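Notes for the one structure printed next.
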Amino acid sequence: MAMLFVNACMREGSRTERIARQWLERHGGAVEELRLGQLAVPTLDANSIVQYEQAVASAKYEHPMFDFAKQFATAEEVLIAAPVWNNGIPAKLHAYLELVCSQGITFDIGQDGYMSLCRAKRLTFVTTAGGPMPEGADEHAFGYVRTLATVFWHIPDVRCVFADSLDQPDTDVDQALAMAIENAAR
Ligand SMILES: Cc1cc2nc3c(=O)[nH]c(=O)nc-3n(C[C@H](O)[C@H](O)[C@H](O)COP(=O)(O)O)c2cc1C
């Protein structure tokens, strides 16, 4: 699979999705899209964590909860689009990433620490915020994704494309989105 587009934009007419689609248009190529807003994304809970740990211990990953991780591991490039919600990412994206971080599928632990089992060489995170990005916000949204991408999956090129203050009354939204795409091209 060439490009995996993890679409965690929930709203009809999402501005984040507009940037992501323009970005995809510019890059071309085959895209496999996951519309997280319309998919069941299970969370690890008291029951599923038992199955998860048994699967990891025995390296038997038949359970469908591992399908997201298997798909992610084969992507050559990843695009994730999600709005800033409560200075972080939507819960559904968090649940998705939790499953993608399945040991033995997207990463493993060796003598020298974490080993990546992913093919991707680039991950782009597209996001928008209603207000200005506050100090430290980077640590909860893009920063979280960047940490997973570098520590677990060893993706060398991890970028963020963003537009903020979109819900401020004096913001020209079309211009802000165009600028985000323009900056991403640099
Ligand atoms: C549930 C929810 C939480 C939000 N939390 C924040 C926030 O913490 N900071 C912020 O600047 N904007 C916040 N917003 C505003 C969105 O980030 C902003 O409108 C964004 O552009 C929405 O992206 P979309 O058009 O792709 O849906 C929130 C919006 C919603 C619906």
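Against the condition modelled with pLDDT under 95 and crowded, with 16+ Cβ neighbours inside 10 Å, how does G104 come out, does it pass?
Values: modelled with pLDDT under 95: no; crowded, with 16+ Cβ neighbours inside 10 Å: yes.
The answer is no for G104.
So which helices (runs of 4 or more DSSP H) stay within the stretch 1-86 end to end and still have 1 or more residues that are within 22 Å of D167 (Cα to Cα)?
In the stretch 1-86, the matching helices (runs of 4 or more DSSP H) lie at 15-27.
When you scan the stretch 9-20, how many residues do you find that are among the charged types (D, E, K, R) and either buried (at least 18 other Cβ atoms within 10 Å of the Cβ) or modelled with pLDDT under 95 (or both)?
In the first step, residues of the stretch 9-20 are kept if they are among the charged types (D, E, K, R); the result is 11-12, 15, 17-18.
Still in the running and either buried (at least 18 other Cβ atoms within 10 Å of the Cβ) or modelled with pLDDT under 95 (or both): 15, 17-18.
Summing the residues that are among the charged types (D, E, K, R) and either buried (at least 18 other Cβ atoms within 10 Å of the Cβ) or modelled with pLDDT under 95 (or both) in the stretch 9-20 gives 3.
Could you check the stretch 102-181 for strands (runs of 3 or more DSSP E) lying wholly inside it with 3 or more residues that are within 20 Å of T74 (Cβ to Cβ) and either more than 16 Å from the chain's Cα centre (by Cα) or among the β-branched types (V, I, T) (or both)?
113-116
Taking the stretch 40-66 only, how many residues are without any contact (Cβ under 8 Å) to a residue 12 or more places away in the chain and within 23 Å of E17 (Cβ to Cβ)?
Adding up the residues that qualify gives 1.
Counting only residues that are touching a residue at least 12 places away in the same chain (Cβ under 8 Å) and of a type in the set (S, T, N, Q), which one in the stretch 88-145 is nearest to the ligand (Cβ to nearest atom)?
So, considering only residues that are touching a residue at least 12 places away in the same chain (Cβ under 8 Å) and of a type in the set (S, T, N, Q), the one nearest to the ligand (Cβ to nearest atom) is T128.
The values are calculated or read from the model by the stated rules, or taken from the named source; none is laboratory data. Because the structure is a prediction, the values reported are computed rather than measured. With ideal geometry, Cβ positions are generated from the backbone for all residues, glycine too; neighbour counts draw on all protein chains shown.
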